[in-house]
1. Inside the stretch 1-67, counting only strands (runs of 3 or more DSSP E) that do not spill past its ends, which hold 1 or more residues that are at pLDDT below 85, closer than 22 Å to I98 by Cα and open to solvent by less than 50 Å² (accessible area, probe 1.4 Å)?
2. Can you tell which of K81, K120 is open to solvent by 60 Å² or more (accessible area, probe 1.4 Å), touching a strand residue (DSSP E or B) at 6+ places or on another chain (Cβ under 7 Å) and at pLDDT 90 or above?
3. For W112, all conditions in the list (1) buried (at least 16 other Cβ atoms within 10 Å of the Cβ); (2) aromatic (F, W, Y); (3) over 12 Å from the mean Cα position of the chain (by Cα) hold save one; what is the number of the exception?
4. Is it the case that some residue within the stretch 45-59 is closer than 22 Å to E143 by Cβ and of a type in the set (A, V, I, L, M)?
Amino acid sequence: MFEAKKLRFNWGENDSMKIMNANYFMRRYWAGGYHFGDDSQFEIFISKEKWQIGWSNKDQQGKLFYERIREVKIGDFFALKALGGKHDLTVSALGIVIDNREIPSGELKIKWIKSGEIYKSKAPKGTGAGNWFGTLLEIKREEDIAQIFKPLFEPNEEDVRILTLDSDAFDFWKSEEEDIYQDFLNLS
């Protein structure tokens, strides 16, 4: 399902085709919390197309997350999560990282593709599942990626529209440096 393959893109003005090898860019999958204590940041994160660490970089716990966020790259997929009860996980939004220049301040710019109740079940457990109680974690197991990010692997017409010409993010995606994103439209 996640194998590297050659992808073709229709690239605008002179309709030139670009071919790239997906090995060039190894997408990673992340989940970040949207509560700062008891205060939900969900609406702020969605409306401002961002995600932010809720800890100070001077705090011992915060330092860990500020180190981890440095690994997030443009083109990585991102899930907004909440965890409560007895390991009950809710994923309320899925997006793609479009800018990481504000990493020193603990912030990522994210183009949210889906929002609503995307996933609601027990958090993944076992070897390689990661710590879902943390503010930011990388999701590494294929079965967890497939389960949580499934709507991005099976885009509907509205998802594709959001990510193409009608989108505010189109100029961003046109740039040579970030054209990796286009493989989203070719997943099958």
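The values are calculated or read from the model by the stated rules, or taken from the named source; none is laboratory data. Computed from a prediction, not measured in an experiment: that's the story for all the values here. Glycine gets a Cβ as well: all are built from the backbone with ideal geometry, and neighbour counts include every protein chain shown. The accessibility values were calculated without ligands, DNA or RNA, using every heavy atom of the protein model including side chains. Shrake-Rupley method; radii C 1.70, N 1.55, O 1.52, S 1.80 Å.
1. It comes to 6-10, 17-21.
2. From the options K81, K120, the qualifying one is K120.
3. Here W112 meets the rest and fails (3).
4. No.
Matching residues to (1) crowded, with 16+ Cβ neighbours inside 10 Å; (2) closer than 17 Å to Y34 by Cα:
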{"position": "I69", "(1), (2)": "yes, yes"}
{"position": "D76", "(1), (2)": "yes, no"}
{"position": "G116", "(1), (2)": "no, yes"}
{"position": "G130", "(1), (2)": "yes, no"}
